[in-house]
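For reference, the structure I am asking about is given below.
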Amino acid sequence: MIDIVSQISVGLSIASILLLIALGLAIIYGTMGVINLAHGEFVMLGAYAVWFLQTYLGIGLFAGLILVFVLIGLVGWVVEWSLIRRLYDRPLDTILATWGVGVILQQGVRLAAGAELRYVKMPDALVNPVAFMGYDESAYRIFIFVVAVALLFVTYILVFRTEFGLQLRAITQNRDIARCFGVNAKRIYSLTFAYGAGLAGLAGALVSPLKSVSPDMGTNYVVDAFLVVVAGGVQSLLGTVASSYLIGQASGVLAFLSDDTMAKAIVFLSVVVLIRLFPQGLFAMRVRRS
Amino acid sequence: MKGNGHIKRTLLGYFAFCVAILIVPIFISDAYLLNKFARYLVFGLLSVALSLSWGYAGILNLGQAVSFGLGSYCMAMALKLRTIPIQTGAGGLPDFMVWNNVQTLPWFWEPFHSYAFALFAGIAVPVAVAFLIGWFIFRARVSGVYVAIITLAMLVVINLLIIDQQRFTGGFNGITDLTTFELFGVQFDAYSTALYYLAAIILSLTLLLGFAFVNSKTGLILQAIRDDETRVWYFGYDVANYQNFIFCVSAAVAGVAGMLYTLVMEFASPTFLAVPISLSIVIWCAVGGRASLVGAALGAIVVTGVQGSLSDTQAFLDTWMLIMGALFIVIVLFLPNGLVSMLELIWRKKRPLQGSASARLVASRASRAGQATGHRAVSSR
């Protein structure tokens with residue numbers, strides 16, 4: 001029984017990181033239909049922002065979080081404003097354009113901050129493990145879990161309980177009709193994209209103490225995030241949550257049984273098989289889109 | 001695809017390109033430069049592979065480097081087994097296996113003692129992998145975005161596995177210290193004119209055969225699928241089979257490019273099937289013109305050529321990627337069919353366009369089937 005509990009907590013830890021990273025992508029992809037391959041680079045930017053704030057300005061992780069969210073959100077807003085909004089009629093081309101954005105961001109950071117690995121210090125308060133149900137759990141991982149759940153809650157409220165969310169959902173269902181009712185689609189899209197980018201930045205900031213920070217770290221995250229979103233079913237927040245949980249647990253168990261690489265390979269392949277069997281994802285919302 | 005005159009004109013362009021790359025060695029005798037040019041041609045071939053599936057069938061394969069890398073490894077394995085001295089241990093083992101305490105040659109290395117098998121595998125392995133992936137995704141009528149994501153995920157997985165299985169693949173270092181490839185008594189040294197000609201001839205043949213193919217009936221159906229997949233389903237074609245077919249053809253071409261690349265570079269490395277090269281292929285294709293084989297080849301040659309002629313320092317390469325990213329975005333935004341489409345725009349001004357051939361083919365099939373109109377896809381956004 002001891003192993004099972006610790007195994008589940010490892011899985012939960014992976015799942016909460018996945019959820020953090022996938023949440024922003026799920027919002028952007030699910031509502032706007034934009035495939036943002038620069039998502040991983042937004043995560044990377046978030047990590048670098050924290051590193052920069054910590055190293056040069058002496059601002060700790062906690063204090064920096066809001067700042068990072070705003071900063072990366074701003075980057076996302078600029079990208080949407082200058083690029084994405086020109087491509088709403090060509091969703092496949094958003095893949096290409098955002099990939100180009102990813103290249104620029106990645107190289108820009110490489111030129112500005114160097115290609116070497118950077119490390120971000122964990123907040124002092126969370127360095128020591130805490131006792132939980134008789135086990136020593138990393139306080140930082142628990143913190144990440146709490147933040148992930150909190151962000152999920154905020155996103156849920158935003159989408160389903162606010163005027164903004166109502167307009168967003170209206171546009172998602174039918175953009176033209178929504179505009180006839182006076183919804184400013186451009187503004188909503190800009191804000192949504194900025195929010196998704198901000199979430200990615202937060203995710204990067206939060207994982208930075210656990211993993212080394214490098215300019216090309218985003219590539220892996222974007223693939224992970226897409227698999228989570230696609231497996232869970234686009235346009236379904238619940239699906240994203242469930243699939244992060246499943247994929248997180250599966251990764252944890254498989255990594256325990258073999259090693260990290262094999263775990264990743266097997267999980268990826270399983271998700272591909274899953275998409276084959278359930279092309280709509282596990283928790284597809286039955287929304288008919290025109 | 002706009003009538004016979006257009007095809008003739010385009011074919012002329014293809015011939016001009018082939019002649020141009022074939023006469024290069026007459027003017028250049030510097031071995032180093034020739035090796036560089038051969039490398040550009042290999043990239044051109046790789047770009048043509050993507051153009052076949054992306055430009056002509058709308059399958060955006062972000063994992064094209066998988067086929068390229070597998071082809072490259074097949075060639076490297078055969079060359080490695082012929083290296084003298086081949087081993088530092090017993091039983092003809094490649095050196096990196098000895099370092100990793102592998103006692104006997106793994107079974108899947110055995111057949112690579114034969115060049116014939118290696119050449120076959122260099123095409124067959126990428127095609128087999130592509131067929132499996134294609135069978136999975138196209139049968140489920142997965143299209144567009146999902147294809148891009150799945151192929152990207154496969155690229156990451158296969159790259160991880162190759163690095164992870166260091167004992168059999170050389171891991172991060174790849175397979176190095178290779179012997180010179182020899183076929184029918186000709187030595188294809190990396191810096192030889194022979195290798196350049198090999199690359200140029202293969203690229204020329206691929207372009208001409210490819211041109212004939214994309215203008216054949218199958219090619220037109222593929223273009224119809226690219227333009228409106230659901231509509232072609234409604235006309236009774238098995239779209240998935242067509243898609244998987246072109247996916248495999250594209251993998252085969254990329255596999256050949258991979259084999260050539262091993263000869264040109266004299267090693268195989270996991271970087272050959274990493275994300276950056278896959279990204280580069282898409283950029284070359286987009287810059288040159290995805291819906292034109294020769295355009296795609298030119299895109300690769302021009303982009304890598306400019307890159308190679310300016311400088312090779314790391315600082316420059318970083319800046320170069322920055323420029324490439326920006327150029328890529330500009331092309332996607334304003335010139336979706338690449339630089340070649342500018343030429344076509346000029347032609348189009350001279351002669352008015354008369355309905356594309358693929359549309360006519362589908363229309364004739366429709367009237368035979370007694371369906372006056374095809375319904376627009378409900379699912380396509």
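The values are calculated or read from the model by the stated rules, or taken from the named source; none is laboratory data. A quick note: this is a predicted structure, and the numbers were derived from the prediction, not measured. Cβ: placed from backbone, ideal geometry, glycine included. Neighbour counts: every protein chain shown.
If you check B:VAL302, B:VAL253, B:VAL332, B:VAL306, which single one turns out to be more than 28 Å from A:PRO215 (Cβ to Cβ) and part of a helix (DSSP H, G or I)?
B:VAL253
Here are some residues: A:SER214, A:SER138, A:SER208. Which one is in contact with a Ser or Thr (Cβ under 8 Å, 6 or more places away or on another chain), surrounded by 14 or more Cβ atoms within 10 Å (Cβ to Cβ), of a type outside the set (Phe, Trp, Tyr) and at pLDDT below 90?
A:SER138
So A:ARG288 ticks every box in (1) within 14 Å of chain B (Cβ to nearest Cβ); (2) modelled with pLDDT of 80 or more; (3) under 30 Å from A:ARG85 (Cα atoms) but one. Which box is left unticked?
With (1) within 14 Å of chain B (Cβ to nearest Cβ); (2) modelled with pLDDT of 80 or more; (3) under 30 Å from A:ARG85 (Cα atoms) applied to A:ARG288, the lone miss is (2).
Separate question: Within the stretch A:114-127, is there a residue that is exposed (fewer than 14 other Cβ atoms within 10 Å of the Cβ), in contact with a strand residue (DSSP E or B) (Cβ under 8 Å, 6 or more places away or on another chain) and not β-branched (Val, Ile, Thr)?
yes
Also, I was wondering about something else. Test B:VAL186 against the criterion of being in contact with a Leu (Cβ under 8 Å, 6 or more places away or on another chain) and without any contact (Cβ under 8 Å) to a residue 12 or more places away in the chain, and give yes or no.
So B:VAL186 does not fit the description; no.
Does A:ILE35 satisfy the criteria of being surrounded by fewer than 21 Cβ atoms within 10 Å (Cβ to Cβ) and among the β-branched types (Val, Ile, Thr)?
no
Here's something else I'd like to know. Kindly indicate the residue of the stretch A:48-86 that is hydrophobic (A, V, I, L, M, F, W, C) and assigned to a loop (DSSP other than H, G, I, E, B) and also nearest to the other protein chains (Cβ to nearest Cβ) among those meeting that condition.
Looking at the filtered set, the residue picked out is A:LEU83.
Hey, among the residues in the stretch A:96-119 that are more than 7 Å from chain B (Cβ to nearest Cβ) and free of Cβ contacts under 8 Å to residues at least 12 places away in the same chain, which one's nearest to B:ILE323 (Cα to Cα)?
In this case the residue turns out to be A:ALA112.
Can you say whether B:ILE323 is more than 27 Å from B:SER204 (Cβ to Cβ) and either more than 15 Å from the chain's Cα centre (by Cα) or surrounded by fewer than 14 Cβ atoms within 10 Å (Cβ to Cβ) (or both), as far as the supplied structure shows?
yes
State whether the residues of the stretch B:202-212 include one that is within 14 Å of another protein chain (Cβ to nearest Cβ) and assigned to a helix (DSSP H, G or I).
no
From the list A:ASP89, A:ASP176, A:ASP93, which residue is within 14 Å of chain B (Cβ to nearest Cβ), under 30 Å from B:ALA148 (Cα atoms) and in a loop (DSSP other than H, G, I, E, B)?
A:ASP89
If you go through the stretch B:162-198 one residue at a time, how many are part of a loop (DSSP other than H, G, I, E, B) and within 14 Å of another protein chain (Cβ to nearest Cβ)?
1
Scan the stretch A:259-274 and tell me whether some residue there is of a type in the set (S, T, N, Q), touching a residue at least 60 places away in the same chain (Cβ under 8 Å) and surrounded by fewer than 20 Cβ atoms within 10 Å (Cβ to Cβ).
Checking the stretch A:259-274: not a single residue is of a type in the set (S, T, N, Q), touching a residue at least 60 places away in the same chain (Cβ under 8 Å) and surrounded by fewer than 20 Cβ atoms within 10 Å (Cβ to Cβ).
Scan the stretch B:267-316 for residues that are over 24 Å from B:LEU209 (Cβ atoms), aliphatic (A, V, I, L, M) and more than 14 Å from chain A (Cβ to nearest Cβ) and report the count.
Qualifying residue count for the region: 3.
Now, a different point. Just one of the numbered conditions (1) touching a Gly at 6+ places or on another chain (Cβ under 9 Å); (2) surrounded by fewer than 18 Cβ atoms within 10 Å (Cβ to Cβ); (3) away from chain A (no Cβ under 14 Å); (4) free of Cβ contacts under 8 Å to residues at least 60 places away in the same chain is not true of B:ALA121; which one?
Of everything listed in (1) touching a Gly at 6+ places or on another chain (Cβ under 9 Å); (2) surrounded by fewer than 18 Cβ atoms within 10 Å (Cβ to Cβ); (3) away from chain A (no Cβ under 14 Å); (4) free of Cβ contacts under 8 Å to residues at least 60 places away in the same chain, B:ALA121 misses just condition (2).
I would also like to ask the following. Working only within the stretch A:208-231, note down all residues that are outside any loop (DSSP other than H, G, I, E, B) and away from chain B (no Cβ under 13 Å).
Passing the criteria: only A:VAL213.
Oh, and also: Go through the stretch B:142-161 and give me each residue that's more than 7 Å from chain A (Cβ to nearest Cβ) and at pLDDT below 80.
B:SER143
Okay, moving on. On the basis of being closer than 17 Å to A:GLY281 by Cα and surrounded by fewer than 23 Cβ atoms within 10 Å (Cβ to Cβ), does A:LEU238 make the cut?
yes
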